[in-house]
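Visitor: Take a look at the following structure, please.
The values are calculated or read from the model by the stated rules, or taken from the named source; none is laboratory data. This structure is a prediction, so every number in the text was calculated from the model and none was measured. Every residue, glycine among them, receives a Cβ derived from its backbone with ideal geometry; neighbour counts consider all protein chains shown.
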Amino acid sequence: MGRRQSFLDLSYGLVIGGIAGLAVLIIVSPVVIALMTSFTEGRSLKFPPTGFSFRWYEQLFDPIQSRPIQRAAGNSLEVAAMSTLIGVVLATLAALGLARNRHKSARVADNFFMSPLVLPGITFGLAALVYFSTLGFRPSLNLMIAGHLIVTMPFILRTTTASLSQLDPALLDSSQSLGASWFYTLRRVTLPLIFPGIAAGAFLAFMASIDNVPVSLFLSNARTDTLPIRMWGMMESTLDVRVAAVSGVLIAAAFVLMLIMEWTVGLTRRMRD
Amino acid sequence: MSVASTALTSPLRGEEKRWRLAEWQLALPLTLAFSALFLAPLLLLVATSFFNDDKITQPGFASWTKFFGDPFNYKVIFDTLLLGLKTVCATVVIGYPLALVFMDLSPRLQKVLLFVIIMPMLLSVVVRTFAWIVVLGREGVINQGLMWLGVISEPLRLLQTELGLVISLTQIEMPLMLLPLISVMSRLDPNLRDASAALGASRWRTLFTVIVPLSMPGLVAGCLLVFASSTTAFISQTVIGGVRLIYLPLVIWQQSLVVYNWPLAAVASLSLVVSVLSIIAALSYLGRRSSRHLQG
């Protein structure tokens, strides 16, 4: 019995540990390999890369050769910033209005506002294209901001509602009974307390917008495309090695962002809780 | 606010009532924005599907009968759902052991591992997809490695195969599986495992009779997220799957932006919504039932 038990436990350790190791390898290695390939000297995505150079990065940052890519990156940032900003205002207002409302319609409204998270993005993208074309709009950054607003706003509403529900109502009551106006209470008590929730949601929304494909795919044209759409086009056609350089920049950006968030809000701690 | 407190502050009652009304009205701007930019487009999409021609002039059911009269489209729907299912299975088999190991690590190592898991999430899906092109390509790591080892003499075809796509999606969707799993598992009482071991159960038995049932909510949540994301992963499907593997998102894209047959694209995209959401609803129903079973 005892030997059988220890054999079973040993096999458990080997199998579970082995697969977990494989999982880490599968998660990490593609990112590392893509990063290494971006420093190749050659014209192909061969591995191991032939030689070491910054030539693809130099080409990427060349304002003439890589103008469309740089414009796409600018579009991505603009759309993400604007849709997040509008989303923060609308979602915070709605959260304040609905969080304490026990009426059934408040729950219906909440489900309605959350539904873009469940609906396949490509369906909403197509719907937005049909709708805006029927209304006579041509593809523009403003349409894209409107589309991204819908698919990224739920992230802000969710975190803001969550932090509002953790807010002690006694604080609001005491502020009110001490004679503070509704707006003063909002400004000096409610908003500072729910700010971390709003900020976390805004971050998620911004990242979701930067990464969004299905909505941008339908609402952009050659001048208003975002970085993911432009990269998709480059991968579909000639497999330009500059895609590796763009990836390298984005990997570095994600890494830095991750470190900043770890230092400021303790991201890994929050995710675990 | 209870009835007693409003009765006590009766002079304020009228003001408070106006107050309530104002609070509720704060949701109006978002309601308007969602009605105009979300509900109206979706209703129009449903309406568009009931037109017969690509000029959208003759109302009728021809687009529906055309789409569902073609056996090829059934195969596409089936393949799309099957791709989601395979990806879910692969992420569970690979991801669950990692979540188990996570529980046993020291807080310091847990932090490192979480960093490794979350970092790909901050990376664009396009970048993750691109990384797999580099790995799976003719001159990629796997082919070069196998040829160097002498296992194969000709490069294997890994891109534009379903196997390659499932492998890639496993990594691309992995964070969606791991985060709900880890958040549920780290709330489990470690004493349960010790108790199970003290009562003579092997670690395997503890896993299947104690840990798996208790982590079911996280597992179901992860499966739902991975399924929904992988069935609609347009970029990964088109770039890694290529033109030979056809899934519903590609059909929607082709019909709307290449052929410009919007009614047919509308039918295809509504089929995607219905098929994916019905499977998700069924899964979450089963998940809820199993967790209720556990508590009761």
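Visitor: Those residues that are polar (S, T, N, Q) and crowded, with 24+ Cβ neighbours inside 10 Å, I need them from segment A:138-168; list them, please.
Guide: Selection gives A:THR152, A:THR160.
Visitor: Which of the residues belonging to segment B:101-123 are over 17 Å from A:VAL28 (Cβ atoms) and either among the hydrophobic types (A, V, I, L, M, F, W, C) or touching a Leu at 6+ places or on another chain (Cβ under 8 Å) (or both)?
Guide: Within segment B:101-123, just B:MET103 meets the criteria.
Visitor: Select, from B:LEU225, B:LEU283, B:LEU270, the only residue that is farther than 24 Å from B:LEU176 by Cα and of a type outside the set (S, T, N, Q). Explain how you work it out, then say what you get.
Guide: Working: B:LEU225 fails: farther than 24 Å from B:LEU176 by Cα; B:LEU283 fails: farther than 24 Å from B:LEU176 by Cα.
Within the list B:LEU225, B:LEU283, B:LEU270, the selection yields B:LEU270.
Visitor: Count, please, the residues in segment B:241-268 that happen to be within 10 Å of chain A (Cβ to nearest Cβ) and under 22 Å from B:CYS223 (Cα atoms).
Guide: Qualifying residue count, segment B:241-268: 2.
Visitor: Looking only at helices (runs of 4 or more DSSP H) that fall completely inside segment A:161-263, which ones have 1 or more residues that are under 19 Å from the mean Cα position of the chain (by Cα) and of a type in the set (A, V, I, L, M, F, W, C)?
Guide: The qualifying helices (runs of 4 or more DSSP H) are A:191-211, A:214-219, A:227-236.
Visitor: If you go through segment B:222-229 one residue at a time, do you hit one that is within 13 Å of chain A (Cβ to nearest Cβ), polar (S, T, N, Q) and in contact (Cβ under 8 Å) with a residue 60 or more places away in the chain?
Guide: no
Visitor: Looking at A:SER133, A:SER177, can you tell me which residue is without any contact (Cβ under 8 Å) to a residue 40 or more places away in the chain, at the interface with another protein chain (Cβ under 9 Å from one of its Cβ atoms), at negative phi and of a type outside the set (Asp, Glu)?
Guide: A:SER133
Visitor: Consider only pairs whose beta carbons are under 8 Å apart and that are at least six residues apart or on different chains; among these, list those whose first residue lies in segment A:1-25 and is closer than 30 Å to B:VAL135 by Cα and whose second residue is at pLDDT 90 or above and among the β-branched types (Val, Ile, Thr).
Guide: Filtered contacts from segment A:1-25: A:ILE16/B:VAL101; A:GLY17/B:VAL101; A:ILE19/B:VAL93; A:ILE19/B:ILE94; A:ALA20/B:VAL101; A:LEU22/B:ILE94; A:ALA23/B:ILE94.
Visitor: A further question on this structure: What about B:PHE67, is it buried (at least 20 other Cβ atoms within 10 Å of the Cβ), touching a residue at least 40 places away in the same chain (Cβ under 8 Å), part of a helix (DSSP H, G or I) and within 11 Å of chain A (Cβ to nearest Cβ)? Let's see the steps before the verdict.
Guide: On the way: buried (at least 20 other Cβ atoms within 10 Å of the Cβ): yes; touching a residue at least 40 places away in the same chain (Cβ under 8 Å): yes; part of a helix (DSSP H, G or I): yes; within 11 Å of chain A (Cβ to nearest Cβ): no.
No.
Visitor: Turning to a different aspect of this structure: Is it true that A:ARG100 is at pLDDT below 95 and surrounded by fewer than 16 Cβ atoms within 10 Å (Cβ to Cβ)?
Guide: Numbers: at pLDDT below 95: yes; surrounded by fewer than 16 Cβ atoms within 10 Å (Cβ to Cβ): no.
So A:ARG100 does not fit the description; no.
Visitor: Any chance you could count how many residues in segment B:129-154 are at the interface with chain A (Cβ under 7 Å from one of its Cβ atoms) and under 21 Å from the mean Cα position of the chain (by Cα)?
Guide: 3
Visitor: Any residue that is surrounded by 14 or more Cβ atoms within 10 Å (Cβ to Cβ) and either of a type in the set (Phe, Trp, Tyr) or on the phi > 0 side of the Ramachandran plot (or both) - is there at least one of those in segment B:113-128?
Guide: Among the residues of segment B:113-128, at least one is surrounded by 14 or more Cβ atoms within 10 Å (Cβ to Cβ) and either of a type in the set (Phe, Trp, Tyr) or on the phi > 0 side of the Ramachandran plot (or both), which makes the answer yes.
Visitor: Hey, among the residues in segment B:77-100 that are more than 16 Å from the chain's Cα centre (by Cα) and buried (at least 19 other Cβ atoms within 10 Å of the Cβ), which one's farthest from the other protein chains (Cβ to nearest Cβ)?
Guide: The qualifying residue farthest from the other protein chains (Cβ to nearest Cβ) is B:ILE77.
Visitor: Kindly evaluate B:ALA90 against the criterion of being over 25 Å from A:ALA252 (Cβ atoms) and not acidic (Asp, Glu).
Guide: Answer is yes for this residue.
Visitor: Residues of segment A:119-160 being under 15 Å from the mean Cα position of the chain (by Cα) and farther than 24 Å from A:ALA222 by Cα, which ones?
Guide: Listed by number, the residues that qualify are A:MET153, A:PRO154, A:PHE155, A:ILE156, A:LEU157, A:ARG158, A:THR159.
Visitor: Here's a follow-up. Tell me yes or no: at least one residue of segment A:228-239 is more than 10 Å from chain B (Cβ to nearest Cβ), within 30 Å of A:ILE69 (Cα to Cα) and in contact with a helix residue (DSSP H, G or I) (Cβ under 9 Å, 6 or more places away or on another chain).
Guide: The answer is no, given that none of the residues of segment A:228-239 is more than 10 Å from chain B (Cβ to nearest Cβ), within 30 Å of A:ILE69 (Cα to Cα) and in contact with a helix residue (DSSP H, G or I) (Cβ under 9 Å, 6 or more places away or on another chain).
Conditions tested, residue by residue: (1) under 33 Å from the mean Cα position of the chain (by Cα); (2) facing chain A (nearest Cβ under 9 Å); (3) surrounded by fewer than 17 Cβ atoms within 10 Å (Cβ to Cβ).
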| site | (1), (2), (3) |
| --- | --- |
| B:GLN25 | no, yes, yes |
| B:PRO29 | yes, yes, yes |
| B:ALA33 | yes, yes, no |
| B:PHE38 | yes, yes, no |
| B:PRO41 | yes, yes, no |
| B:LEU45 | yes, yes, no |
| B:LYS55 | no, no, yes |
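Visitor: When only residues in segment A:24-61 that are outside any helix (DSSP H, G or I) and of a type in the set (Gly, Ala, Ser) count, which is surrounded by the most Cβ atoms within 10 Å (Cβ to Cβ)?
Guide: Ranking the candidates gives A:SER38 first.
Visitor: Identify, please: which residue in segment B:199-209 is modelled with pLDDT of 85 or more and surrounded by fewer than 17 Cβ atoms within 10 Å (Cβ to Cβ) and is, among those, nearest to the other protein chains (Cβ to nearest Cβ)?
Guide: Restricting to residues being modelled with pLDDT of 85 or more and surrounded by fewer than 17 Cβ atoms within 10 Å (Cβ to Cβ), the top hit is B:TRP204.
Visitor: So A:LEU85 clears everything in (1) more than 30 Å from A:PRO154 (Cβ to Cβ); (2) under 30 Å from the mean Cα position of the chain (by Cα); (3) not in a loop (DSSP other than H, G, I, E, B) except one condition, right? Which one?
Guide: Going through (1) more than 30 Å from A:PRO154 (Cβ to Cβ); (2) under 30 Å from the mean Cα position of the chain (by Cα); (3) not in a loop (DSSP other than H, G, I, E, B) one by one, A:LEU85 breaks only (1).
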